[in-house]
Amino acid sequence: MSHLLDQPPFAARDDAALLAELNALTRWHLDGCADYRAVWPRWNGAATIDALPWLHVGAFKHGAWRTSGESMKHQRTLASSSTGGSASRIALDEKSSALQARSSGAILAELLGPEQRPLVILDDVRSLQQRGEVSARVTAAMSLRPLASEMHFVVSAAATPDAVDWSRLAAVCATHRRLLVYGFTWMLWTAWATAAIPAALRDSLAAARVDFVHSGGWKKLEALRVGRDEFDRALLATVGPGSSVLDFYGLVEQVGILYPLCSAGFRHVPRWAAAIVRDPWTLEPLVGEPGMLQLLNPLAHGAPYHSVLTEDLGRIASGACPCGRAGQRFEFLGRVPKAEVRGCANV
Amino acid sequence: MSDLLLRFRGVGGDCLVALGYDLEQRLAQWEQLRRQMVRGVPPEFTRDEWAYLAGFLGRDSLLAPFARSFGERAEGATRLCALYRPRGAIAIWLPNNVSLLGPLLLVMASFTNAPLLVKSGSRADDLAEAFVRYAVERLEDGELRRYLAERVVLGRFGRDDPRNADMAAQAAVRIVFGTDAAAQAVHAHAHPVDSVGISFADHSSEAWVEADALDDQRLATLLRVFAIYGTAGCTSPRRLVLIGGNEADCRRLRDRLLELWPATLKRDVPMHVASQNVLRLQLAAAAGWDARLCARNAAVLAAGTMALSAPGGPMTLAIVGAEAAAAAAAALPASIQTIGHILREPAAAHWLALLAGTRVKRWVPVAEMHHFGPVWDGHNFWAQLFEQTALGT
């Protein structure tokens with residue numbers, strides 16, 4: 001168990017403790033995963049966090065990475081797709097799932113308060129059994145489970161997110177004055193912020209304190225020319241005083257870790273995780289310059305997804321954050337731009 | 001004899017070719033465009049693509065299809081055995097990851113003077129359209145400019161678009177670049193019964209080298225050829241086969257190529273390519289390859305054996321040994337197209353005998369692997385743009 005989880009998430013990090021856990025976890029994966037050992041055959045311990053091995057995020061779309069070992073019990077496989085199409089597959093296990101639930105619970109409790117409340121998910125319950133982008137949404141929603149007293153999926157068809165079951169939401173509002181609402185960013189906009197909410201429900205919501213939580217990125221909203229301020233204003237206009245909007249960044253290859261966006265525009269890294277930015281052409285670590293984000297945490301035991309080089313771009317910020325949170329933080333700068341490699345014929 | 005009826009001397013006698021335009025004038029107009037092209041590279045093209053295209057417009061290059069198909073220009077009274085005339089409208093389906101094929105094919109097909117219907121891939125950078133636009137803007141008024149402006153129709157649409165059927169219905173010749181399925185779909189459209197269908201479907205290529213024939217200059221050429229498309233083209237070397245080499249030899253060859261890369265290829269690859277190369281390095285290692293990243297993550301060079309599954313990746317070159325040429329031939333993929341060679345005696349009888357037992361379509365120096373010509377995928381497609389009248393004289 002990671003002792004780092006015993007501390008509040010956004011505080012100064014104990015680098016030595018994190019490094020020790022990550023070194024031990026890396027050794028665990030090298031011993032239990034032959035493919036991983038083939039990728040890092042000569043690794044023999046890291047003296048700094050940025051010297052730890054990693055896997056490129058795309059590796060999880062190309063093979064079943066799985067670590068075996070004493071008492072390891074694999075459960076299910078998380079599958080999610082990226083915009084590009086093919087699915088990442090992450091082998092979950094009992095031990096990691098417990099750690100990941102503790103992690104996301106602690107992060108969310110710090111940001112939203114520890115009270116349990118109904119969780120309203122703007123998605124179709126059938127997405128739970130599906131793969132692809134839909135299951136990525138549900139995976140993100142499930143990270144809020146530690147704060148949920150009950151869960152309500154209120155969209156009847158994921159393909160048409162404007163089909164919200166308002167009567168179900170009205171029933172929840174009738175008995176609760178505090179709600180947690182999760183949706184992918186564009187779904188919250190489409191299904192809630194710009195939706196025609198029935199008048200009676202609108203009155204109930206105006207008396208409720210709602211914490212909206214969203215993730216998934218702004219790409220679709222950029223196309224609609226919707227900015228963050230307009231997005232937040234539209235959501236908050238539908239609910240009562242004390243409500244909030246929380247945007248977090250996360251990926252299924254780092255399940256259990258949420259990187260919330262603070263009021264100063266930075267993504268904060270919990271003290272049991274680390275972010276490194278690397279030069280795409282040299283892989284050298286960068287500080288203050290943009291590059292590819294590498295994300296690490298000591299929660300992943302069933303497969304070597306504890307240290308992942310993503311295809312997201314970021315910039316590590318130094319100094320104290322104006323928002324007051326301590327610990328590491330970064331700016332999220334979008335995805336690595338893609339273009340097809342030219343060829344003379346067919347592949 | 002009419003200036004528009006040209007005489008060529010072939011193997012079995014002379015033939016006449018009815019072009020319907022003045023060949024010398026047409027060549028001069030392409031040359032005029034070529035001179036314009038050296039002044040700058042349009043944004044749609046890379047510098048290498050533009051340089052190759054400009055070189056392709058040289059007189060010798062443009063006349064090469066005539067020589068390969070009909071023989072050398074001739075005068076006199078040798079027995080005439082054939083008259084060739086263009087079949088008519090040509091429809092061309094280009095693949096999604098096309099680069100220069102569109103412009104090159106368009107230039108070659110222009111010598112038929114037949115209407116051209118060109119469909120670019122719906123996701124492709126449309127270099128054919130960019131090239132025609134460039135040419136029409138810069139050519140002086142004349143036959144070639146009018147031909148490109150009025151008889152060449154370019155479109156970009158998907159495989160389900162009804163215009164595909166229209167193209168097939170109108171064309172005397174259908175030329176399809178793409179997957180096997182794409183070619184089958186095109187030829188399944190209703191088409192004139194006497195039309196000709198030409199398919200350039202899934203193919204791959206290799207480079208074969210002998211240690212004794214290698215030097216740094218030739219290795220640098222190999223790197224340059226590989227770097228143009230990586231493994232993404234049908235003429236790209238997906239595998240470098242070291243004839244007579246073992247695994248240790250392959251690792252040494254890989255290491256020398258790694259040393260030569262920075263001085264040979266100085267431009268950075270795009271960020272996503274660098275990233276994907278990092279991924280491919282790890283996947284190759286997991287699959288058993290001894291892989292290394294080239295300078296600035298520009299490519300992956302993976303040493304291994306033929307028994308390993310292909311490492312994959314658009315910029316990953318597998319380097320494997322074959323104890324003898326016969327072993328290399330036995331391991332050729334069924335879809336083999338080109339073998340680029342760096343060998344001591346590539347024209348030696350034993351090589352040609354070996355080739356005779358394979359499905360290899362092109363056996364060329366490594367430097368010429370990407371050179372496009374009238375003979376492609378095992379037949380002279382350019383000659384098929386003409387129909388033949390047998391002459392008894």
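Check the stretch A:247-267 and report whether any residue there is closer than 22 Å to A:LEU99 by Cα, at pLDDT below 95, touching a helix residue (DSSP H, G or I) at 6+ places or on another chain (Cβ under 8 Å) and within 14 Å of another protein chain (Cβ to nearest Cβ). Yes: the stretch A:247-267 contains one or more residues that are closer than 22 Å to A:LEU99 by Cα, at pLDDT below 95, touching a helix residue (DSSP H, G or I) at 6+ places or on another chain (Cβ under 8 Å) and within 14 Å of another protein chain (Cβ to nearest Cβ).
Determine whether the stretch B:38-60 contains at least one residue that is of a type outside the set (Asp, Glu), over 30 Å from B:THR231 (Cβ atoms) and touching a residue at least 60 places away in the same chain (Cβ under 8 Å). Checked the stretch B:38-60: no residue is of a type outside the set (Asp, Glu), over 30 Å from B:THR231 (Cβ atoms) and touching a residue at least 60 places away in the same chain (Cβ under 8 Å). Exactly one residue out of A:ALA274, A:ALA317 is more than 14 Å from chain B (Cβ to nearest Cβ) and in contact with a Leu (Cβ under 6 Å, 6 or more places away or on another chain), and it is A:ALA274. The number of residues in the stretch B:85-100 being within 14 Å of chain A (Cβ to nearest Cβ) and at pLDDT 80 or above comes to 5. Applying the set (1) surrounded by fewer than 22 Cβ atoms within 10 Å (Cβ to Cβ); (2) within 14 Å of another protein chain (Cβ to nearest Cβ); (3) under 23 Å from A:HIS56 (Cβ atoms) to B:LYS266 leaves exactly one unmet item: (3).
Within the stretch A:244-269, being surrounded by fewer than 21 Cβ atoms within 10 Å (Cβ to Cβ) and part of a loop (DSSP other than H, G, I, E, B) holds for A:CYS262, A:SER263, A:ALA264, A:GLY265. Of the residues B:ARG163, B:ARG156, the single one that is on the phi < 0 side of the Ramachandran plot, surrounded by 16 or more Cβ atoms within 10 Å (Cβ to Cβ) and among the basic types (Lys, Arg) is B:ARG156. Sub-9 Å Cβ pairs linking a first residue in the stretch B:309-323 that is more than 15 Å from B:PRO333 (Cα to Cα) to a second residue that is polar (S, T, N, Q) and surrounded by fewer than 22 Cβ atoms within 10 Å (Cβ to Cβ), at least 6 apart or interchain, are B:GLY321/B:ASN246; B:GLY321/B:THR305; B:GLU323/B:ASN246, ordered by first then second residue. Consider the stretch B:130-175 and keep the residues that are closer than 19 Å to B:GLN29 by Cα and of a type in the set (Asp, Glu). The one that is farthest from the other protein chains (Cβ to nearest Cβ) is B:ASP141. Out of A:ALA141, A:ALA157, I need the residue that is out of contact with any Ser or Thr (no Cβ under 8 Å at 6 or more places or on another chain), modelled with pLDDT of 80 or more and not in a strand (DSSP E or B). Which one? Only one candidate passes the filter, namely A:ALA141.
Is it true that some residue in the stretch A:10-19 is farther than 28 Å from A:LEU111 by Cα, at pLDDT 95 or above and not in a loop (DSSP other than H, G, I, E, B)? Looking through the stretch A:10-19, none of the residues is farther than 28 Å from A:LEU111 by Cα, at pLDDT 95 or above and not in a loop (DSSP other than H, G, I, E, B).
The values are calculated or read from the model by the stated rules, or taken from the named source; none is laboratory data. If you're wondering where the values come from, they're calculated on a predicted model, not measured in any experiment. Note that we place each Cβ from the backbone using ideal geometry, even for glycine, and neighbour counts take in every protein chain shown.
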